[in-house]
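What follows is a short report on a single structure.
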4 protein chains.
Amino acid sequence: MDSPPFDELVTANRILAREGVVDAFGHVSIRHPSHPDRFCLSRARAPECIEADDIMQFALDGTAIDPGGRKPYAERFIHAAIYEARPEVRAVVHNHSPAVIPFGITATPLRPVMHMCASMGTEVPVWDSRAHFGDTNLLVTAMPMARDLAAALGPRAVALMRGHGCVVAGASLREVVFNAIYLQLNAELQLRAAGLGAITFLSDGEVAAVLKTRSSFTFERAWEYWCQRAGRPYDARPMEGPLAR
Amino acid sequence: MDSPPFDELVTANRILAREGVVDAFGHVSIRHPSHPDRFCLSRARAPECIEADDIMQFALDGTAIDPGGRKPYAERFIHAAIYEARPEVRAVVHNHSPAVIPFGITATPLRPVMHMCASMGTEVPVWDSRAHFGDTNLLVTAMPMARDLAAALGPRAVALMRGHGCVVAGASLREVVFNAIYLQLNAELQLRAAGLGAITFLSDGEVAAVLKTRSSFTFERAWEYWCQRAGRPYDARPMEGPLAR
Amino acid sequence: MDSPPFDELVTANRILAREGVVDAFGHVSIRHPSHPDRFCLSRARAPECIEADDIMQFALDGTAIDPGGRKPYAERFIHAAIYEARPEVRAVVHNHSPAVIPFGITATPLRPVMHMCASMGTEVPVWDSRAHFGDTNLLVTAMPMARDLAAALGPRAVALMRGHGCVVAGASLREVVFNAIYLQLNAELQLRAAGLGAITFLSDGEVAAVLKTRSSFTFERAWEYWCQRAGRPYDARPMEGPLAR
Amino acid sequence: MDSPPFDELVTANRILAREGVVDAFGHVSIRHPSHPDRFCLSRARAPECIEADDIMQFALDGTAIDPGGRKPYAERFIHAAIYEARPEVRAVVHNHSPAVIPFGITATPLRPVMHMCASMGTEVPVWDSRAHFGDTNLLVTAMPMARDLAAALGPRAVALMRGHGCVVAGASLREVVFNAIYLQLNAELQLRAAGLGAITFLSDGEVAAVLKTRSSFTFERAWEYWCQRAGRPYDARPMEGPLAR
């Protein structure tokens, strides 16, 4: 199939807006399903407002393919550099979630407190643009800075960006949306728990067990719910993975 | 009467979703009114999306009766083990309330701060799956782990689950929904009060007095309100109990 | 005029529900405009659900006048005792606002941090039912306990009730609704500020200046707004007071 | 063009209400586009309720021009004094944002934690009416007090008002609305981060870089989003500034 699932990508934008992960800013992309050297991302527009015609295609250096007069996001390079570095990644979210940002501007590490949130892994790095680029407007508007961020992300699912937000990478659009929403929830839970005393985090073994046993059905159940909340049609997918039975 | 109140169970699901006690995950069940060796629980679907046709029946070991191709919740065993151990329990909620979870991952006990929330009792145990089962994905997907959780719950109304959520057991569907919502409120209140200094909790005598004098009308008044908020019809019930006069 | 403004009282109920001051519980009453020895209060029902036909009349000892089969609130005595003790009071709210409750269960006094919230006065007492009545279910269901609460309130606008909620008394329905909502806001603000360090409260002179210069127009502007949010028609009133010019 | 953009000003009011920056109180004004010695501001009404016919015009001393029986805000002098002192300012917001107020009543300075919020600058002064005017009702209802506030604001974009709220000044209506909303977000983020430890704020160089590179398109993208949330039509503007390319 050559035609990318633009409607699904619109739905992902609306879901992230409805769940408070993005506001006027933040974005979500997919790798093109039949052209892995491209990714699909909206023109520069608030996620809540995006329609299918807004979806553009980009090369892995962030160059727009057939822009048709549409203005791209200045920070499309975030997506480009992650797809460039990580062939297995098929979807990326960049957001400014208000729950997550506090963990990027303090020395408290964000760590998984709950099974649903284990996808962040046992270690979430904080990338600081100032380390290699000095005083900037913090926007990632060119490949060198984007590649520096992608290097900080490494093989992980999540990296925080100091004074800015975070990136989330995943193997599918439903997975990356799921992970961005539960990353936000984990941050909310950890913030609250911090006021009650020392926290028992998930052990490394628990995180590994969650990741190993998770099936696509987990993402499906949530996706149907989020579609309903966002007022978008739900398009069911066949189940995959160890718990799909 | 042989036909279980499936519409009421759908309403309970929608109420718990509307009040933020469940999101895409979490579930509520009832013991079958005429077959006490069965319970009724939706197929694996987000509570906000559930319809009457989604309600399945299960034996007290979690085996589906007449599944008709419907996929059950992997964690139906939580309900099974509580109904098995507690003949007087007629409804069970399992949820991941974001207000409650912090009390399962810190050493601060959840205790009643307000009369509406006394149903949790004076002691709320925290069950940790790691104690007897080691590093797992924390899901309760078989009877041995579910029975261990039910044993930790004992004769109480509420048990927290470390890094996961909680279970709430009650004598009726309206009571268990009420208790799950006010458990969440108590957690919210206790979290806020923790920032202001030492808390005066309800005394044991106060908790006992609340439980002794509570009538079914308390649950009715709240149920009508929650039905209205959830956009569900309200089906009034005759009052029972000491304050029904 | 003999006919009390039942529609306005319904609106007050809906506003308090919409603004989160009451949930399924809590209530608001007015003194009968032409029979000052009576007050008007809904039958026992969630404020969000109340209709004009639900409004009952009571004597100042809490006895229902012409109940017509309607079940009154068990705690109507709270209203009765305040009207009995305070001839100038024409409206009363009792609520369980989640922002306010933490100040009733800790030693941190609730004090005005902002001009809009000065109506609580410079001192907000906390009434504890346990002091004179021991271990109870905390409900104020008879005149002796209600009179004890009214005595704690004294000439003030607000008293907190430990482990329960608060009462707010005012010279008009619009004023008491305004004061209940801004009491909640003050509690919210004070809770947040408590995490940032020592708080500069309004001085006694500032509180006195706010109360002295406040006109009915302040309540009107807010009432129109709250009516719109609650989906209720707005019935404008002529302005009174020092700033009405 | 002589006719001021009243519809845009109504939209600004509705956006600020929808985003929780104003409630029944607070206001937003623009300098008259063709008569710079006038400003446009609603009659005294809650921002959520304002219609185009409510917009009045005022001289820079707060005198109403052609009031037509409409009652002005008692605090219109806040706007008057800022337009009088700052010829480059074309829009002003005064609000009581619940996230911002805690920073006006404690010694913790509000400082930018995130690039979107850099418009507040590196220093946000707190103006205390008590310093020069003693115990008042805190309302700024005459020019002397308003000029004192404007002097505290100086050349900055934001000043907090102790026990009251804040003022935000900008070069356009879209900019000032943007800055008021992201000021609120910064306050929310800083409050949360304060519970996690010492905060890394934006450096002075980063704040300068953000301000220098910001284009009008940033405000446009957000304005379209906020219009949609507030149920108002979006009127697109041509882009200006360094990043508009």
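Among the residues of region A:212-232, those that are more than 9 Å from chain B (Cβ to nearest Cβ) and assigned to a loop (DSSP other than H, G, I, E, B) comprise A:SER215, A:GLY231, A:ARG232.
Where residues in region A:37-53 are in contact (Cβ under 8 Å) with a residue 40 or more places away in the chain and closer than 24 Å to D:PHE219 by Cβ, which of them is surrounded by the most Cβ atoms within 10 Å (Cβ to Cβ)? Even if it seems obvious, please write down each step before you answer.
Just the residues of region A:37-53 that are in contact (Cβ under 8 Å) with a residue 40 or more places away in the chain, to begin with: A:39, A:50-52.
Now narrow it down to the ones that are closer than 24 Å to D:PHE219 by Cβ: A:50-51.
Details: A:ILE50: 23, A:GLU51: 13.
In this case the residue turns out to be A:ILE50.
Residues in region B:1-31 that are in a helix (DSSP H, G or I), surrounded by 24 or more Cβ atoms within 10 Å (Cβ to Cβ) and in contact with a Leu (Cβ under 8 Å, 6 or more places away or on another chain): B:ALA12 alone.
Candidates are the residues of region C:175-204 that are within 21 Å of the chain's Cα centre (by Cα) and open to solvent by 20 Å² or more (accessible area, probe 1.4 Å); the one that is farthest from the other protein chains (Cβ to nearest Cβ) is C:GLU175. Filtered by the rule that a residue be away from chain D (no Cβ under 14 Å) and polar (S, T, N, Q), region A:78-124 gives A:SER119, A:THR122.
State yes or no: is C:GLU188 under 16 Å from C:SER29 (Cβ atoms) and either among the acidic types (Asp, Glu) or part of a loop (DSSP other than H, G, I, E, B) (or both)? Step through it out loud before you land on a result.
Working: under 16 Å from C:SER29 (Cβ atoms): no; either among the acidic types (Asp, Glu) or part of a loop (DSSP other than H, G, I, E, B) (or both): yes.
Taking the combined requirement at face value, the residue does not satisfy it.
With respect to B:SER34, is the statement that it is open to solvent by 40 Å² or more (accessible area, probe 1.4 Å) and either more than 14 Å from chain A (Cβ to nearest Cβ) or under 13 Å from the mean Cα position of the chain (by Cα) (or both) true? So B:SER34 fits the description; yes.
Run down D:GLY205, D:GLY197 and say which single residue is modelled with pLDDT of 95 or more and part of a helix (DSSP H, G or I). Let's see the steps before the verdict.
Working: D:GLY197 fails: part of a helix (DSSP H, G or I).
Sole residue among the options that is modelled with pLDDT of 95 or more and part of a helix (DSSP H, G or I): D:GLY205.
Look at (1) within 14 Å of another protein chain (Cβ to nearest Cβ); (2) surrounded by fewer than 22 Cβ atoms within 10 Å (Cβ to Cβ) and you find that A:GLY163 fails only one, number (2).
Which residue out of B:VAL168, B:VAL207 is touching a residue at least 12 places away in the same chain (Cβ under 8 Å), in contact with a Pro (Cβ under 8 Å, 6 or more places away or on another chain) and open to solvent by less than 10 Å² (accessible area, probe 1.4 Å)?
On the way: B:VAL168 fails: in contact with a Pro (Cβ under 8 Å, 6 or more places away or on another chain).
Only one candidate passes the filter, namely B:VAL207.
Cβ-Cβ distances below 7 Å connect the following pairs, each with a first residue in region A:74-97 that is within 8 Å of A:ALA146 (Cβ to Cβ), a second residue that is in a loop (DSSP other than H, G, I, E, B) and among the small types (Gly, Ala, Ser), and a separation of six or more residues or different chains: A:PHE77/A:GLY62; A:PHE77/A:ALA142; A:ALA80/A:GLY62. Among (1) within 14 Å of the chain's Cα centre (by Cα); (2) closer than 26 Å to C:PHE178 by Cα, which single condition is D:LEU9 missing? Only one criterion in (1) within 14 Å of the chain's Cα centre (by Cα); (2) closer than 26 Å to C:PHE178 by Cα is unmet by D:LEU9, namely (2). Criterion applied to D:SER34, D:SER42 was being of a type in the set (S, T, N, Q) and part of a loop (DSSP other than H, G, I, E, B), and the one residue passing it is D:SER34. If you check B:ILE82, B:ILE105, B:ILE65 for being modelled with pLDDT of 95 or more and under 23 Å from B:GLU175 (Cβ atoms), only one passes: B:ILE82.
Restricting to region C:119-139, name every residue that is of a type in the set (Ser, Thr, Tyr), within 30 Å of B:ALA208 (Cβ to Cβ) and open to solvent by 20 Å² or more (accessible area, probe 1.4 Å). Don't jump to the end; show me each part of the working.
Narrowing region C:119-139 to residues of a type in the set (Ser, Thr, Tyr): C:119, C:122, C:129, C:136.
Next, only the ones that are within 30 Å of B:ALA208 (Cβ to Cβ) stay: C:129, C:136.
Residue satisfying the conditions is C:THR136 alone.
Number of residues in region D:37-56 that are more than 18 Å from the chain's Cα centre (by Cα) and closer than 16 Å to D:ARG90 by Cβ equals 1. Of the numbered criteria (1) over 19 Å from A:THR108 (Cβ atoms); (2) open to solvent by 20 Å² or more (accessible area, probe 1.4 Å), the one A:CYS227 fails is (2).
The residue that is nearest to A:GLU75 (Cα to Cα), counting only those in region A:93-118 that are buried (at least 24 other Cβ atoms within 10 Å of the Cβ) and within 15 Å of the chain's Cα centre (by Cα), is A:HIS94.
Within region A:125-148, take every residue that is in contact with a strand residue (DSSP E or B) (Cβ under 8 Å, 6 or more places away or on another chain) and away from chain D (no Cβ under 14 Å) and give me the one that is farthest from A:ALA74 (Cα to Cα). Top of the filtered list is A:PRO125. C:ASP235 falls short on exactly one of the conditions (1) part of a loop (DSSP other than H, G, I, E, B); (2) over 30 Å from A:GLY195 (Cβ atoms); (3) modelled with pLDDT of 95 or more, and that condition is (3).
The values are calculated or read from the model by the stated rules, or taken from the named source; none is laboratory data. On a predicted model such as this, the values are computed, not experimentally measured, just so you know. Cβ coordinates were reconstructed from backbone atoms using ideal geometry, including for glycine residues, and neighbour counts include every protein chain displayed. Side chains are part of the model used for accessible areas, which takes the heavy atoms of the whole protein and leaves out ligands, DNA and RNA. Shrake-Rupley method; radii C 1.70, N 1.55, O 1.52, S 1.80 Å.
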